[in-house]
Every structure is written in structure tokens, then in C-alpha cells.
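In what follows, a single structure is set out as C-alpha cells and then discussed.
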Amino acid sequence: MPTSVAGSRRRGRREEGLTLLELLVVLALMSLLIGLLAPRIGRATDNWRLRRAGEHLSQILRYARTRALYEGRYYVVEIEPQANRVRLVGPSSGFVREYVLPGDVRCGEEGAGGSFYVMRLIFSPSGAVEERTLWLRNRQGSEVKIHLNLLLGRPSVEVFQTGA
């Protein structure tokens, strides 16, 4: 007969598993964390979508300039802010490509305020284009500015975090 419980193999056996109270505490902590992180994830997703739209528009402008230089023809990029649509048109060749910007991204031209007119950028066979600055803005107020350089004819993209 053992005199000490310390050396004994028979200890008080505890049932393995979680109690209802422990489970409720874990669920409450998880829901609190999700509630705190969800708005940040949404904002980051919106900003990613805005940057992606800016990069995509910049690629369209580069593509139009490259085609104009390579083919020796004029190309026009039409930006329709109301429909969030960008069209690449080769008037003499009949070439048309259409791209749609994300629904929460608004497009405009610097100095035009809330422009609702169709903006046309004309790329000549020499690669020259008039100097312009376009912006894309999302709901949070973040902006992407695309500047078309008169001398180089290629767009540069800058991201500005102006919103909350």
C-alpha cells in the first residue's frame, strides 16, 4: 500500500476537452479580432484595387504609344469617367480595345474638378503626346496620379494616400 500519492500512478484523471465557458471565451476573442481587422482589410483591398487600376491605365497608355510608333499611325485613348471605361482606338486601322476600371474607382483630369466629359489622348506616329496629368480616386480619398510626359511620351504613376 503506497504511503505517498506523489509516487503513485493513480492521479486524479481530468477529462480531456474544452468546457463551454472556454469555448465561448475563445469565440468572443476571435469575433473581437475580426471586428477590429475587417475595416483595415477592406481599406487595404480598396487601395490595392486603386493602385492596380492606375498601373493598368498606365500600361494602356504605354501600349497606345508603342503601337503608334511601331505602326506609324495615330492612336487615341478615350477615357469615359461616367462609365469607368477606357477605349484604345486606332482610327485608321479600325483597331479597338475596351477596358473597364473597377466600379469604386473614379477617373478625372487634374484641374478639371469632377470631370464628366470624355477625355481623349492622341498618340501621334512620332510618339509625341500632349502633357497631361490624370488621377484615379477611390471612396476613401486615396489617389493615383498618372502624368504623361511631353518629351518622353510615357506615363509615370504616383500613389498618394490622402484619405483616412
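So, in the range 103-125, of the ones that are of a type outside the set (D, E, K, R) and at pLDDT 85 or above, which residue ends up surrounded by the most Cβ atoms within 10 Å (Cβ to Cβ)?
Going through the qualifying residues, I end up with 123.
Return a yes/no flag: does the range 28-48 have any residue that is modelled with pLDDT under 90, surrounded by 15 or more Cβ atoms within 10 Å (Cβ to Cβ) and in contact with a Pro (Cβ under 8 Å, 6 or more places away or on another chain).
Checked against the condition, which is being modelled with pLDDT under 90, surrounded by 15 or more Cβ atoms within 10 Å (Cβ to Cβ) and in contact with a Pro (Cβ under 8 Å, 6 or more places away or on another chain), the range 28-48 yields no hits at all.
Can you list the strands (runs of 3 or more DSSP E) found entirely within the range 14-107 that contain at least 1 residues being under 17 Å from residue 145 (Cβ atoms)?
75-80, 85-90
The values are calculated or read from the model by the stated rules, or taken from the named source; none is laboratory data. Just so you know, these numbers come straight off a predicted model, no measurement behind them. Backbone-built Cβ (ideal geometry, glycine too); neighbour counts: all protein chains shown.
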